[in-house]
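To keep things clear, I will list the structure first and then write my remarks on it.
The values are calculated or read from the model by the stated rules, or taken from the named source; none is laboratory data. Every value quoted in this text rests on a predicted model; they were computed, and no experiment measured them. Because the Cβ atoms are built from the backbone with ideal geometry, glycine has one as well, and the counts that use them run over all protein chains shown.
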Amino acid sequence: MTIAARHGVGALELRGVRREFGSLAALAGIDLRIEEGEFIALLGPSGCGKSTALNCIAGLLPLSGGSIWLGDRRIDRLKPEERGFGMVFQSYALFPHMNVRKNVGFGLSMKGVKGAEAARRVDEGLALVRLQSQASKLPGQLSGGQQQRVAIARAVVIEPAIVLMDEPLSNLDAKLRMEMRVEIRRIHDTIGSTTIYVTHDQDEALSMADRIVVMRDGMIRQVGTPEDLYERPLHADVADFMGFRNRMPGQVRAVANGRAEVAVCGTTVQGLVREPVQAGASAVVSIRPEDLVAGASASGIPARVTAIEYRGRAFFGTALAEDGTELFFRADRTVAKDEAVVLAPLPDRTLVFAGAPA
Amino acid sequence: MSSVPLDGVAAAAGIEEALPLRIKLAARGLDGTTLLVLPAFLAIVALFVYPFLYGLWLSFQPKDGGAALSNYVRFFSDPFLYETIGTTLRIALPVTIVNLLLAVPIAMRVRLMRRQRILTTILVLPVTLGTVLVAEGLLNYLGPQGWFNRSLMWLGVIAGPVKLTNNYWGVVASLLITGFPFTFLLTLSYVTGIDPALEQAGAVHGASARSRFFRIVLPLILPGLAITFCLSFVQAFAVFPSAVLLGAPAGPTRVISIAAYQAAFEEYDYSLASAIAMIMGLVQFALVAAVLAGRRLLYRGPVAGTKG
Amino acid sequence: MIRDTGLSAKLWRIAIWAATAVFILNLFGMIAAVVTNSFATRWLGTWLPLGYTTRWYVAAWNEFQLDDVLIVTFQVVFTVVLVSGLLGVLAAYALARRDFPGKRAIMLVFLLPLLVPPITYGIPMATVLYRAGLAGTFWGVVLANLVPTIPFVVLVMIPFIEQIDPRIEAAARVFGASTFKLLVRVLLPILLPGMLAAMLLVLVRTIAMFELTFLTAGPTSQTLVVALYYAVFAAGVRAGQSIDAMAVIYMVVTLVWLVIALRFVNPTQIVARAKQEPAH
């Protein structure tokens, strides 16, 4: 394989990037440095500004403020066609009137690469996404997964310094999504490009990216490796996004050695302090369902089971605490609906964040 | 020499200042692409909006001087002029209603057809050929020696030829031939927009064909029928060539467009002609406004069912 | 779909088909009468003419100077098609791709010429063209015909452009296309089928557009349909067969383009903006 990303262009840097739509701030001052060859995921719920950030990097949206640098070159005033990036769109955006070959070769022809050289690179691109046999078909004759591969091939044959991907898997069915994750990561590793990948699916981000940027309300909430984010979310909303489905508001009783005791749901639980809290203040206790176990210990949160389902290996269910908080828990043996249970949080997996000011 | 960096700074500051305005305009949808609308828009303003306003102004500038309203006073005091409104309505209203009453049941039936295209192609013929050709064709076909009268006499329906040209009925016939396909094709596009599952649901829940039509289909297509009625009526009200060629333009089919045409091109009184054109537009507008006001009372949401 | 099999439903169905059949029979009868008469030697008081001849076509061609009329007709029609196609597609692109203040007002301005019948706005428009010295000229007729055709192209093209993913244009940009290359390599090929359909519809409508041409044409700028009107209006001066021969020529000219147009568009589109074909 000879398709390889352009190297030596330097890191991509966003400095104070702002983007406003009318009075709405879609990006409220973003600072981010992406190293060459990195696979970065921009993760967040819809409307968090992740797609706006990607479009600003691509040049499809002008900035309202700030600057974007590639190495020591400022690029935010360049037109999209002058930046030389590759991009994969959520809707694929294949040219409907061109066959697969022409679509893949479009960027090359725009760059003036012609003849045997262009043909060779298109062939390699098609081989990379394993679509050699479909080369003369029109996009309308391909399945969703095949169209996706064409879009990826089109983005990588121009050997761009950076490949931008805007939720590329969201239009595919679940099985195909799993396959394409592996495929996209393989292509990234093969050509060694920098990849910026926008998604709202934390599984996708965790399994594919070197680093994840979690965004919310146009701001970056946390940047870190998948493990960082999964184990050590810095804020309650990041935790929420990382699968800490139980969010219990409470009041801090005591703080010592990075641990806090918090009164929640009519009892007291212990957890690791993530945001500075002091005794007497309100706090939020976050915990994943798999770390809130029914019947593991005599102490814990008393609750009544409202639903239970079997998900291989363990049971997962919902229960109502005495104060009416809905809790998601794990059980290693079956429990009945309406059964009274005690839900024990694992102290090392229980996180304490600052609560809303009372 | 020292001014060079200063200029550079000033230029950079200028860009910094200029950019937000361009972005602000772009954020409101105003950029180079938006300007593409201008050539077409200006053409329509110059050729449609301006002439209309000019005509309105001209209608208040009588040819022989006099009060601003004298054209309008003259129109409504001269029976030869004001009766054209009644004459035109007597032709246009029945024709529009008959066309609509025929179009709805036929469209309901045709939407079940698999090969609608043959029928719609046949029906688009008279619309495409236009009123002048239809008038010429009907002069012969409906004439006293024409095939229509001959067939009715052969069938024994009538004893002698019926006079169907150069009178009211000739104009009505031409408006039926060109107007029905127009009304029908519009109606068909509304009827086929209704999700068949809604009627199936009606049937499953015990509605007969009759009540399915009156309780489910009709309320859903009524807003569309109101629009169809307006468009068909406005077309019929503006009847011109067939009223001249196939009617009796001096008497029973002296429609309002003939009065306007004669004022402009026979008396060269553009002021009066404009006044008559404005009155014509006003009558059309009044009826359309009345129908659309009634339409506001109807359900106007999606008709394709609630899925997706 | 539900089929009723009761007697009243059957009678109702028969009545509907009978009404349709009567309409179509009369329509074809009318057309056939014109065609038959144009070939008739003498046709008075009988079912069919006494004999057949083609000499009326030669007579009509010479009497009405149809070669000149046809040349003018096609010059007018193709100029109108090209100008309204160009202006209409540009405007439709802007209206389909941008939201801007005043867009609704502009849409209304484009909608009105299609709703108001030509004779109503034609008289003030002809007055303005006379004052400007344009009435009676070739360009006067072209300008008059642009009034309904530009909005028609705009309204046909807007939904066509809206269904093209705007991200396709973004993709072309990202992959290095300049504005010119974007237009030639991506936008035009995608828009071409829609433009072709819209322009064919304009062509068919402009050949048959009587009122506006009638109000603005002079002796040298008459189109076929206006010449036909004057011939019918002055019936008695010429033989009826000669007029019908001209009518047949007009029909052939119109129908040839209609047949071509129907290869690309749904018949309903000639009257209204057709709904999207449901995907199967």
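Would you check if there is a residue in region A:30-46 being among the basic types (K, R) and out of contact with any Gly (no Cβ under 7 Å at 6 or more places or on another chain)?
Yes.
Which residues, taken from region A:46-55, are away from every other protein chain (no Cβ under 12 Å) and touching a strand residue (DSSP E or B) at 6+ places or on another chain (Cβ under 7 Å)?
Across region A:46-55, the qualifying residues are A:C48, A:G49, A:K50, A:T52, A:A53.
Can you name the number of the only condition in (1) farther than 20 Å from C:A227 by Cβ; (2) out of contact with any Ser or Thr (no Cβ under 8 Å at 6 or more places or on another chain) that C:N62 fails?
For C:N62, the failing item is (1).
Select from region C:136-149 the residues that are over 11 Å from C:L212 (Cα atoms) and not polar (S, T, N, Q) and write down the one among them that is farthest from the chain's Cα centre (by Cα).
For region C:136-149, the residue satisfying everything is C:G136.
Here are some residues: A:G271, A:G266, A:G258. Which one is touching a helix residue (DSSP H, G or I) at 6+ places or on another chain (Cβ under 7 Å), more than 21 Å from A:C48 (Cα to Cα) and not aromatic (F, W, Y)?
None of the other options fit; the residue is A:G271.
Out of the residues in region C:40-60 meeting the condition of being away from chain B (no Cβ under 13 Å) and touching a residue at least 24 places away in the same chain (Cβ under 8 Å), tell me which one is farthest from C:Q222 (Cα to Cα).
Going through the qualifying residues, I end up with C:W56.
In a helix (DSSP H, G or I), more than 10 Å from chain C (Cβ to nearest Cβ) and among the hydrophobic types (A, V, I, L, M, F, W, C): is that true of B:A293 in this structure?
yes
Is one or more of the residues making up region A:42-62 surrounded by fewer than 16 Cβ atoms within 10 Å (Cβ to Cβ) and in a strand (DSSP E or B)?
Within region A:42-62, not a single residue is surrounded by fewer than 16 Cβ atoms within 10 Å (Cβ to Cβ) and in a strand (DSSP E or B).
If a residue counts only when it is touching a strand residue (DSSP E or B) at 6+ places or on another chain (Cβ under 9 Å) and facing chain B (nearest Cβ under 10 Å), which helices (runs of 4 or more DSSP H) contained entirely in region C:78-181 have at least 1 such residues?
Those helices (runs of 4 or more DSSP H) span C:118-131, C:138-162.
Kindly indicate the residue of region B:216-245 that is in contact with a helix residue (DSSP H, G or I) (Cβ under 7 Å, 6 or more places away or on another chain) and away from chain C (no Cβ under 11 Å) and also farthest from C:F214 (Cα to Cα) among those meeting that condition.
Filtering region B:216-245 for residues that are in contact with a helix residue (DSSP H, G or I) (Cβ under 7 Å, 6 or more places away or on another chain) and away from chain C (no Cβ under 11 Å), the one farthest from C:F214 (Cα to Cα) comes out as B:I216.
Can you name every one of the helices (runs of 4 or more DSSP H) wholly within region B:154-264 that holds 2 or more residues which are farther than 22 Å from C:A9 by Cα and not acidic (D, E)?
B:168-191, B:218-237, B:241-245
List, please: which pairs have Cβ atoms under 8 Å, are six or more places apart or on different chains, and start with a residue in region A:177-192 that is under 20 Å from A:I162 (Cβ atoms) and end with one that is in a helix (DSSP H, G or I) and charged (D, E, K, R)?
A:R181/A:E204; A:E183/A:R149
Would you mind listing the helices (runs of 4 or more DSSP H) fully within region B:36-115 where at least 1 residues are away from chain C (no Cβ under 14 Å), surrounded by 18 or more Cβ atoms within 10 Å (Cβ to Cβ) and touching a residue at least 12 places away in the same chain (Cβ under 8 Å)?
In region B:36-115, the matching helices (runs of 4 or more DSSP H) lie at B:70-77, B:79-110.
Return the residues of region A:1-27 that are over 16 Å from A:I68 (Cβ atoms) and part of a strand (DSSP E or B); say none if nothing qualifies.
A:E20, A:F21, A:L24, A:A25, listed by residue number.
Take C:V156 and decide whether it is more than 30 Å from C:I207 (Cα to Cα), buried (at least 20 other Cβ atoms within 10 Å of the Cβ) and within 30 Å of the chain's Cα centre (by Cα).
Considered against the rule, which asks whether it is more than 30 Å from C:I207 (Cα to Cα), buried (at least 20 other Cβ atoms within 10 Å of the Cβ) and within 30 Å of the chain's Cα centre (by Cα), C:V156 comes out as no.
A:Q146 - would you say it is more than 30 Å from A:L32 (Cβ to Cβ) and surrounded by fewer than 16 Cβ atoms within 10 Å (Cβ to Cβ)?
Considered against the rule, which asks whether it is more than 30 Å from A:L32 (Cβ to Cβ) and surrounded by fewer than 16 Cβ atoms within 10 Å (Cβ to Cβ), A:Q146 comes out as no.
Here is a list: B:N140, B:N149. Which entry is polar (S, T, N, Q), on the phi < 0 side of the Ramachandran plot and in contact with a Gly (Cβ under 7 Å, 6 or more places away or on another chain)?
B:N140
Quick test of your reading of the structure: C:I14 fulfils all but one of (1) within 9 Å of another protein chain (Cβ to nearest Cβ); (2) closer than 18 Å to B:M113 by Cβ. Name the failing condition by number.
(1)
Within region B:135-147, which residues are more than 7 Å from every other protein chain (Cβ to nearest Cβ) and part of a helix (DSSP H, G or I)?
Passing the criteria: only B:L139.
In the list A:R19, A:R77, A:R33, which residue meets the criterion of being in contact (Cβ under 8 Å) with a residue 12 or more places away in the chain, over 21 Å from A:F89 (Cβ atoms) and assigned by TED's automatic domain parsing to the domain that holds A:D203?
When all the criteria are applied, what remains is A:R33.
Among B:P144, B:P181, which is the only one that is surrounded by 24 or more Cβ atoms within 10 Å (Cβ to Cβ) and touching a residue at least 12 places away in the same chain (Cβ under 8 Å)?
Unique residue meeting the criteria: B:P181.
Would you confirm whether or not region A:119-128 contains a residue that is out of contact with any Lys or Arg (no Cβ under 9 Å at 6 or more places or on another chain), surrounded by 15 or more Cβ atoms within 10 Å (Cβ to Cβ), within 12 Å of chain C (Cβ to nearest Cβ) and in contact (Cβ under 8 Å) with a residue 12 or more places away in the chain?
No: region A:119-128 contains no residue that is out of contact with any Lys or Arg (no Cβ under 9 Å at 6 or more places or on another chain), surrounded by 15 or more Cβ atoms within 10 Å (Cβ to Cβ), within 12 Å of chain C (Cβ to nearest Cβ) and in contact (Cβ under 8 Å) with a residue 12 or more places away in the chain.
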